[in-house]
1. Note down all Cβ pairs under 9 Å where the first residue falls in the stretch 38-50 and is closer than 10 Å to ASP68 by Cβ, the second is in a strand (DSSP E or B) and within 8 Å of the ligand (Cβ to nearest atom), and they're at least six residues apart or on different chains.
2. Which residue out of ALA131, ALA159 is within 25 Å of GLY183 (Cβ to Cβ), assigned to a helix (DSSP H, G or I) and either hydroxyl-bearing (Ser, Thr, Tyr) or within 16 Å of the ligand (Cβ to nearest atom) (or both)?
3. Only one of these conditions is not met by SER181: (1) in contact (Cβ under 8 Å) with a residue 60 or more places away in the chain; (2) within 14 Å of the ligand (Cβ to nearest atom). Which number is it?
4. Name the residue that is modelled with the lowest pLDDT, counting only residues in the stretch 234-267 that are among the hydroxyl-bearing types (Ser, Thr, Tyr) and away from the ligand (no atom under 16 Å from the Cβ).
5. Under 8 Å between Cβ atoms, which residue pairs at least 6 apart in sequence (or on different chains) link something in the stretch 6-26 that is free of Cβ contacts under 8 Å to residues at least 40 places away in the same chain with a partner that is of a type in the set (Lys, Arg)?
6. What are the residues in the stretch 259-302 that are β-branched (Val, Ile, Thr), in contact with a strand residue (DSSP E or B) (Cβ under 8 Å, 6 or more places away or on another chain) and more than 20 Å from LEU155 (Cα to Cα), if any?
7. Search the stretch 167-191 for residues being touching a strand residue (DSSP E or B) at 6+ places or on another chain (Cβ under 7 Å) and part of a helix (DSSP H, G or I), and hand back the single one that is surrounded by the most Cβ atoms within 10 Å (Cβ to Cβ).
Amino acid sequence: MAESFRAFVVNQSEEGFSAKLDKLTKEELPQEGVLIKVHYSSVNFKDGMASTPDNKIVQSYPMVPGIDLAGEVVESDDNRYKPGDQVIATSYDIGTDHFGGYSEYARIPGEWIVPLPDGLTLKEAMVLGTAGFTAALSIQQLEEAGLAPEKGKVLVTGATGGVGSTAISMLKKRGYHVVASTGKESSHDYLRQIGADEIISREKVYDGKIRPLDKQQWAGAVDPVGGEQLAALLTKLSYGGGAAVSGLTGGTDVPTVVFPFITRNIKLLGVDSVHCPMEIRAKVWERLADDLKPDGLTEHIQKEISLDELPDALNTIIEGQAQGRMVVNLQK
Ligand SMILES: NC(=O)c1ccc[n+]([C@@H]2O[C@H](COP(=O)([O-])OP(=O)(O)OC[C@H]3O[C@@H](n4cnc5c(N)ncnc54)[C@H](OP(=O)(O)O)[C@@H]3O)[C@@H](O)[C@H]2O)c1
């Protein structure tokens, strides 16, 4: 291991906020845990927010953002892991209160680590990353609440984003008829390639009005957008349908009404990837290597970037202009 290595570091000091590529030493990493040579990380909306001034994401400075990482164990103080093991670590305090994945090396508590399941490469794991994990949790919760392909069409909002894109391709693999809602007209070819059967504009979901009840259209919805879009889609779920909400790119206020719940028996399911218990987390990663693993994962959904390209990528995701998943190759 070299004496120093590259990392993307954000800092808030008397001189103001900074976000830049820097050099770190092993001694500057957290002192306890499993030392990992990071092969890949990824770019999530949360990472974009962590890299802007006055964000509410980073809990302590300086910080290495990057809520996702996958790599190879170099040293371990945890007897579950030994040098050479391939591992994944996502969420918890990674990249917010504990140095994260935008670094050639990271030291992560053993209890936050998942062994790389058979059937996934380190790169595939990061094409999925927190976005794919969240999409999988959303589908799992909807299916536990009764969703099945024969129940009807499934809506995915924020379709070109990370959660949206991975959800589309996983639903397709499981045999669902997938309706993708997007604000990007130029992305229709991309959405078809990754598995969308129908593509509608955001305005088809929310046209500026939230009616007490609307025409029943979808048996389920994966919703990383929230806000008024969520309130509107609830009025369009079919009887017994469900919506799994994970995000807020469309806003935090959801001005809903009670009618879809009490007359159509619909369910609103909350999805959290950060504190998801390890038992469920490990099982969902196993499914991501198996029945939920999208076809063509490394073909259409992802773009690989280097650490040098990361600052621009973080801006792109904050501006809502990202398409699919950006994977950061730390060894490039
Ligand atoms: N609960 C959890 O554990 C969890 C885990 C992961 C992510 N999240 C949250 O989920 C959300 C999506 O994350 P992501 O990584 O998929 O982000 P992303 O890649 O940036 O995708 C978000 C997508 O939302 C759509 N969008 C953006 N601005 C919008 C607006 N004003 N109104 C409606 N749609 C808008 C865009 O898709 P179109 O242009 O195609 O419409 C955009 O691509 C974020 O809020 C993130 O924090 C939560």
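1. Partner pairs satisfying both residue conditions: SER42/ARG325; VAL43/ARG325; ASN44/ARG325.
2. Answer to the selection: ALA131.
3. Of the numbered conditions (1) in contact (Cβ under 8 Å) with a residue 60 or more places away in the chain; (2) within 14 Å of the ligand (Cβ to nearest atom), the odd one out for SER181 is (1).
4. THR256
5. ASP22/ARG6; LYS23/ARG6
6. None; the set is empty.
7. ALA167
Results for (1) crowded, with 23+ Cβ neighbours inside 10 Å; (2) in contact with a helix residue (DSSP H, G or I) (Cβ under 7 Å, 6 or more places away or on another chain), shown as yes or no for each residue.
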{"residue": "GLN86", "(1), (2)": "no, yes"}
{"residue": "ASP93", "(1), (2)": "no, no"}
{"residue": "ARG107", "(1), (2)": "no, no"}
{"residue": "PRO115", "(1), (2)": "no, no"}
{"residue": "ASP118", "(1), (2)": "no, no"}
{"residue": "ALA125", "(1), (2)": "yes, no"}
{"residue": "THR130", "(1), (2)": "yes, no"}
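The values are calculated or read from the model by the stated rules, or taken from the named source; none is laboratory data. On a predicted model such as this, the values are computed, not experimentally measured, just so you know. In this analysis, Cβ positions are derived from the backbone assuming ideal geometry, glycine residues included, and neighbour counts consider all displayed protein chains.
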